Amino acid sequence: MQLKEPISKLNTLPLQEGGRYRPISEEWLGSHAVVLRAYALANETALYTALENVITRAPLRHMVTPGGFTMSVAMTNCGAYGWVSDRSGYRYDPLDPLNGKPWPRMPESFLSLAKNAAEVAGFDNFYPEVCLVNCYVPGAKLSLHQDKDELDFKQPIVSVSLGVPAVFLFGGMKRKDSPNRVPLVHGDVVVWGGPDRLRYHGVMPLKEAYHPYFGNQRINLTFRKAT
Ligand code: MD3
Ligand code: FE
């Protein structure tokens with residue numbers, strides 16, 4: 001079959017000022033939460049290389065909750081701070097507790113992706129200080145929770161899904177509000193802001209699947225301003 005357009009153009013509008021492609025597909029999950037399908041694909045090799053470097057210097061580890069449970073999701077961070085959990089609580093820490101050294105610098109490819117995605121969603125001047133790297137293997141999940149460890153809830157959160165698909169749970173302002181299920185696949189980027197920033201959310205247990213770069217794993221990059 002002969003395509004009229006190169007595949008790379010099929011789901012995009014012509015190049016915008018500033019050199020960013022604006023995806024046609026903007027699925028609004030709430031008034032201030034939008035899924036940008038495949039937005040990270042253009043830079044996937046740069047992201048992959050940068051991620052390998054981060055994980056080499058700050059290994060993925062299973063953190064312990066204040067209640068004493070070991071999380072099924074393995075985590076690490078890059079940027080000026082990292083999100084850390086242990087028996088004493090949750091916090092943003094400038095140092096990696098595994099080695100007492102600063103977290104790896106935020107790679108330029110991570111930073112520009114997060115800033116551009118935030119801008120597409122209408123959030124200018126987003127300067128993420130933290131990239132939390134979440135690694136899911138089959139069965140790993142994230143129970144419904146709110147993100148409240150940051151100082152300024154007016155700052156958006158940007159999340160990038162890589163590897164095996166997952167079902168994201170997008171709930172309400174109360175834990176008991178039954179969540180919507182949103183499938184997220186490799187390359188999808190989601191921006192959450194405004195009132196949607198404080199919704200309960202989680203990730204269903206990961207199903208067994210295979211991705212050529214990531215094997216049976218899902219990696220989620222979450223970008224935040226912590227301070
Ligand atoms: C929705 N991570 O690290 S994406 C987390 O896929 C976290 O690993 C999930 O929830 C993951 O805290 C979900 C990011 C996300 C972050 C904050 C949100 C989604 C959100 C705040 C409100 C609503
Ligand atoms: Fe969260």
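Can you tell me which of Asp152, Asp196, Asp177 is within 13 Å of ligand 2 (Cβ to nearest atom) and either over 14 Å from the mean Cα position of the chain (by Cα) or modelled with pLDDT under 95 (or both)? Reasoning before the result, please.
Working: Asp152 fails: within 13 Å of ligand 2 (Cβ to nearest atom); Asp177 fails: within 13 Å of ligand 2 (Cβ to nearest atom).
Answer to the selection: Asp196.
Taking Ser161 as the residue in question, decide whether it is in a strand (DSSP E or B) and among the small types (Gly, Ala, Ser). Even if it seems obvious, please write down each step before you answer.
Values: in a strand (DSSP E or B): yes; among the small types (Gly, Ala, Ser): yes.
It is true that Ser161 is in a strand (DSSP E or B) and among the small types (Gly, Ala, Ser).
Please identify the pairs in which a residue from segment 55-68 that is touching a residue at least 24 places away in the same chain (Cβ under 8 Å) has its Cβ atom under 6 Å from the Cβ atom of a residue that is hydrophobic (A, V, I, L, M, F, W, C), counting only partners at least 6 apart or on another chain.
Cβ pairs passing all conditions: Ala58/Trp103; Leu60/Ala74; Leu60/Cys135.
Asp86 passes all but one of (1) more than 14 Å from ligand 2 (Cβ to nearest atom); (2) more than 19 Å from Pro59 (Cα to Cα); (3) charged (D, E, K, R); which number fails?
Unmet for Asp86, out of (1) more than 14 Å from ligand 2 (Cβ to nearest atom); (2) more than 19 Å from Pro59 (Cα to Cα); (3) charged (D, E, K, R): (2).
Which of the residues spanning segment 95-122 are crowded, with 19+ Cβ neighbours inside 10 Å, at pLDDT 95 or above and in a loop (DSSP other than H, G, I, E, B)?
Answer for segment 95-122, where residues must be crowded, with 19+ Cβ neighbours inside 10 Å, at pLDDT 95 or above and in a loop (DSSP other than H, G, I, E, B): Trp103, Pro104, Met106, Pro107.
Output the number of the condition that Ala140 fails; it satisfies all remaining conditions of (1) part of a loop (DSSP other than H, G, I, E, B); (2) among the hydrophobic types (A, V, I, L, M, F, W, C); (3) closer than 15 Å to Pro195 by Cα.
(3)
With respect to Leu132, determine if the residue is part of a strand (DSSP E or B) and crowded, with 20+ Cβ neighbours inside 10 Å. Don't jump to the end; show me each part of the working.
Values: part of a strand (DSSP E or B): yes; crowded, with 20+ Cβ neighbours inside 10 Å: yes.
The answer is yes for Leu132.
Consider Leu36 against the criteria (1) under 16 Å from Lys225 (Cα atoms); (2) of a type outside the set (Lys, Arg); (3) in contact with a helix residue (DSSP H, G or I) (Cβ under 9 Å, 6 or more places away or on another chain): it satisfies all of them except one. Which criterion is unmet?
(1)
May I ask you to list the residues in segment 164-175 that are assigned to a loop (DSSP other than H, G, I, E, B) and surrounded by fewer than 19 Cβ atoms within 10 Å (Cβ to Cβ)? Write out each step before concluding.
First pass over segment 164-175, keeping only residues assigned to a loop (DSSP other than H, G, I, E, B): 164-165, 171-175.
Of everything in segment 164-175, those that are assigned to a loop (DSSP other than H, G, I, E, B) and surrounded by fewer than 19 Cβ atoms within 10 Å (Cβ to Cβ) turn out to be Pro165, Gly171, Gly172, Met173, Lys174, Arg175.
Please find, among Ser112, Ser72, the residue that is farther than 29 Å from Lys154 by Cβ and of a type in the set (Ser, Thr, Tyr). Reasoning before the result, please.
Details: Ser112 fails: farther than 29 Å from Lys154 by Cβ.
The match here is Ser72.
Please report, ordered by residue number, the strands (runs of 3 or more DSSP E) entirely within segment 176-227 with at least 2 residues that are within 8 Å of ligand 1 (Cβ to nearest atom) and out of contact with any His (no Cβ under 8 Å at 6 or more places or on another chain). Quick ask: steps written out before the conclusion?
Working: elements: 180-184, 189-192, 201-203, 218-224.
Once the strands (runs of 3 or more DSSP E) in segment 176-227 are filtered for at least 2 residues that are within 8 Å of ligand 1 (Cβ to nearest atom) and out of contact with any His (no Cβ under 8 Å at 6 or more places or on another chain), what remains is 218-224.
The values are calculated or read from the model by the stated rules, or taken from the named source; none is laboratory data. Remember, it's a predicted structure, so these values are computed and weren't measured experimentally. Neighbour counts are summed over all protein chains in view; Cβ atoms, including those assigned to glycine, are modelled from backbone coordinates with ideal geometry.
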